[in-house]
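Enquirer: Starting off with a structure, shown below.
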Amino acid sequence: MRAVFADTFYWVALTNQKDSLNKEAISWKQSHRDHTIVTTDEIFIEFLTFYSSWGSRFRYSAAQYVRKTLQDPDVRAIPQTRESFLTGLDLYEARLDKGYSLTDCISMNVMKAEGLTDILTHDEHFNQEGFRTLFT
């Protein structure tokens with residue numbers, strides 16, 4: 001089974017019907033059921049933060065979506081650790097000329113460690129590090 005990394009963008013696009021790439025994200029998911037999706041706890045933190053100001057109904061739905069996704073056998077969420085934080089911080093400091101978030105840096109490190117090249121995002125920062133974004 002082929003693996004691909006999922007950025008916060010992907011989870012938001014899947015769950016937000018008003019997102020301009022909602023239909024494209026849903027289509028990708030339906031046509032790539034043979035893929036394992038790798039993500040991180042930090043990505044889910046960003047996802048929940050995205051919905052944090054949308055009110056109780058959206059907050060509840062977002063929390064339930066994360067819980068359900070964590071149980072999905074085709075999704076592997078890499079746990080947050082002190083080591084992941086510190087290695088992400090190292091990359092963050094090494095790329096002071098870039099606009100990378102700390103979560104991006106942690107994701108890039110996970111992708112390198114897992115041997116992943118493709119990412120479900122449209123974030124050009126990943127292209128700058130040699131990864132292939134699957135959305136434009």
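Enquirer: Quick one: putting +1 on the C-beta of Lys and Arg, -1 on the C-beta of Asp and Glu, what dipole do you get for the chain around its Cα centre, in Debye to the nearest 20?
Expert: 600 debye
Enquirer: Based on other C-beta atoms within 10 Å, arrange Y60, Y10, Y100 from fewest to most.
Expert: Y60, Y100, Y10
Enquirer: Ok, one more. Long-range amide H contacts for R76: which residues qualify at under 5 Å (H placed 1.01 Å from N, peptide plane, sequence gap of 5 or more or a different chain)?
Expert: Amide H neighbours of R76, under 5 Å, 5+ apart: I37, V38, T39.
Enquirer: Counting other C-beta atoms within 10 Å, which of L116, L86, L102 has the fewest, and how do the rest follow?
Expert: Ranking L116, L86, L102 by Cβ neighbours within 10 Å, fewest first, gives L86, L102, L116.
Enquirer: On a full-extension model of 0.36 nm per residue, what is the gain between W54 and L96, subtracting their alpha-carbon distance, rounded to one decimal in nm? Working shown, then result.
Expert: Working: separation 42, 0.36 × 42 = 15.12 nm, distance 3.22 nm.
Length gained between W54 and L96: 11.9 nm.
Enquirer: What lysines sit close enough to K68 to cross-link, taking a C-alpha to C-alpha distance under 26 Å and skipping anything fewer than 8 places away on the same chain?
Expert: Straight-line reach from K68, under 26 Å: K18, K23, K29.
Enquirer: So who's got an amide H within less than 5 Å of the one on A3, skipping anything under 5 residues away but keeping other chains? H placed 1.01 Å off N, in plane.
Expert: The answer is T36.
Enquirer: Residue farthest toward the positive end of the dipole of the chain, with Cβ of Lys/Arg at +1 and Asp/Glu at -1: which of N16, T136, A94?
Expert: Of N16, T136, A94, it is N16.
Enquirer: Any idea what diffusion coefficient region 78-136 gets from Stokes-Einstein, in µm²/s, Kirkwood Rh on alpha carbon pairs, 25 °C, 0.890 mPa s?
Expert: 211 µm²/s
Enquirer: Another one. Can you give the calculated 222 nm mean residue ellipticity of the chain, where each DSSP H run of n ≥ 4 adds -39,500 (n - 2.57) and the sum is split over every residue, rounded to the nearest 500 deg cm²/dmol?
Expert: Using -39500 (n - 2.57) per qualifying helix, the result is -17000 deg cm²/dmol.
Enquirer: Right, another one. Kirkwood hydrodynamic radius for the chain: how many Å is it when counted over pairs of different Cα atoms?
Expert: Roughly 15.3 Å, rounded to one decimal.
Enquirer: Among the lysines, which fall within straight-line cross-link reach of K112, defined as a Cα-Cα distance under 21 Å, with same-chain neighbours fewer than 8 residues apart omitted?
Expert: Reachable lysines: K98.
Read-outs: derived from the displayed coordinates by stated rules, not from any lab. Since the model is a prediction, treat every value here as computed from it, not as a measurement. Virtual Cβ from ideal backbone geometry, glycine too; neighbours counted across all protein chains shown.
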